[in-house]
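Take a look at the structure below.
The values are calculated or read from the model by the stated rules, or taken from the named source; none is laboratory data. Worth saying up front: this structure is predicted, and the values here are computed from it rather than measured. For neighbour counting, all protein chains shown are included, and Cβ atoms are generated from backbone atoms with ideal geometry for every residue, glycine included. Just the protein is used for accessible areas: all its heavy atoms, side chains included, with ligands, DNA and RNA removed. Shrake-Rupley method; radii C 1.70, N 1.55, O 1.52, S 1.80 Å.
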Amino acid sequence: MFKKVQGGDLYADVPVNMFDFIWGTEKTLTMVDGNDIKLKIKSKTVPGSILKIPNRGLYKAPSTRGDVYITLEAVIPDLTESQQEEIKKILNK
């Protein structure tokens with residue numbers, strides 16, 4: 001999941017359905033220590049946004065941890081033609 005380590009900081013990309021950017025959602029991520037965290041993605045969040053999770057990265061010293069930086073990437077869902085038409089009707093109102 002993590003694509004880069006810099007010092008004690010970890011970097012990752014997380015795929016998010018484009019509709020979840022509009023309405024908001026929660027995602028659960030498993031960190032390197034095995035513990036889960038919940039990411040709250042607010043409605044109207046912009047794709048490419050970076051969330052910082054402080055003190056959840058790797059240990060830099062015995063009592064100091066780095067941060068985790070999550071880049072939210074948009075994923076376009078696979079929709080049927082009828083679903084696409086329904087969304088167009090809703091958006092054009």
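Residues of the stretch 41-64 being under 22 Å from K4 (Cα atoms), among the charged types (D, E, K, R) and open to solvent by 80 Å² or more (accessible area, probe 1.4 Å), which ones?
K52, K60
In the stretch 65-75, is there at least one residue being of a type in the set (D, E), open to solvent by 70 Å² or more (accessible area, probe 1.4 Å) and at pLDDT 95 or above?
Looking for residues that are of a type in the set (D, E), open to solvent by 70 Å² or more (accessible area, probe 1.4 Å) and at pLDDT 95 or above, one finds at least one in the stretch 65-75, hence yes.
Looking only at the stretch 76-93, how many residues end up being open to solvent by 60 Å² or more (accessible area, probe 1.4 Å) and either within 19 Å of V14 (Cα to Cα) or in contact (Cβ under 8 Å) with a residue 60 or more places away in the chain (or both)?
Summing the residues that are open to solvent by 60 Å² or more (accessible area, probe 1.4 Å) and either within 19 Å of V14 (Cα to Cα) or in contact (Cβ under 8 Å) with a residue 60 or more places away in the chain (or both) in the stretch 76-93 gives 2.
Could you run through the stretch 16-51 and say how many residues are of a type in the set (S, T, Y) and in a loop (DSSP other than H, G, I, E, B)?
3
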